[in-house]
Amino acid sequence: MAVPKRKMGRARTHARRSTNDKMAAPSRCVCPQCGEVKLPHRVCPNCGFYKDREIIETD
């Protein structure tokens, strides 16, 4: 079984992990009705439309 000859330092370990362990920002899309930025595949919180239908009545 392979065994490392020396202990890896904390800085080296964190530097390696920092590139892969980041959380990705959520994707965004533009509402076709009002033009506001919203999450994809969800009802627009501004106008209440989803796929050209009014789901939530807003004033």
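The values are calculated or read from the model by the stated rules, or taken from the named source; none is laboratory data. All values reported here derive from a predicted model rather than from experimental measurement. Cβ atoms come from the backbone with ideal geometry, glycine included; neighbour counts cover every protein chain shown. For the accessible areas, the whole protein counts, side chains as well, though only heavy atoms, and no ligand, DNA or RNA atoms are used. Shrake-Rupley method; radii C 1.70, N 1.55, O 1.52, S 1.80 Å.
Here are the numbers for this structure:
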{"read-out": "Nearest-ten-degree value, helix 10-20 long axis tilted from longest Cα axis of the chain", "value": "30"}
{"read-out": "Spin-label model distance (nm) - Glu36 vs Met8, 7 Å beyond Cα toward Cβ", "value": "4.6"}
{"read-out": "Shape category assigned to the chain from the gyration tensor of Cα positions, a/c cut at 1.5", "value": "prolate"}
{"read-out": "Average accessible surface area per residue within the chain, 1.4 Å rolling probe, Å²", "value": "98"}
{"read-out": "Loop trypsin sites (Lys or Arg not before Pro), the range 27-59 (other Cβ atoms within 10 Å of the site Cβ: 13 or fewer; DSSP)", "value": "Arg28, Arg42, Lys51"}
{"read-out": "Extension gain (nm, one decimal) between Ser27 and Lys51, 0.36 nm per residue minus Cα-Cα", "value": "6.9 nm"}
{"read-out": "222 nm mean residue ellipticity, helices alone, for the chain (DSSP H n ≥ 4; -39,500 (n - 2.57); rounded to 500)", "value": "-5500 deg cm²/dmol"}
{"read-out": "Surrounding net charge for Cys29, when Lys and Arg each add one and Asp and Glu each subtract one, Cβ distance under 15 Å", "value": "+2"}
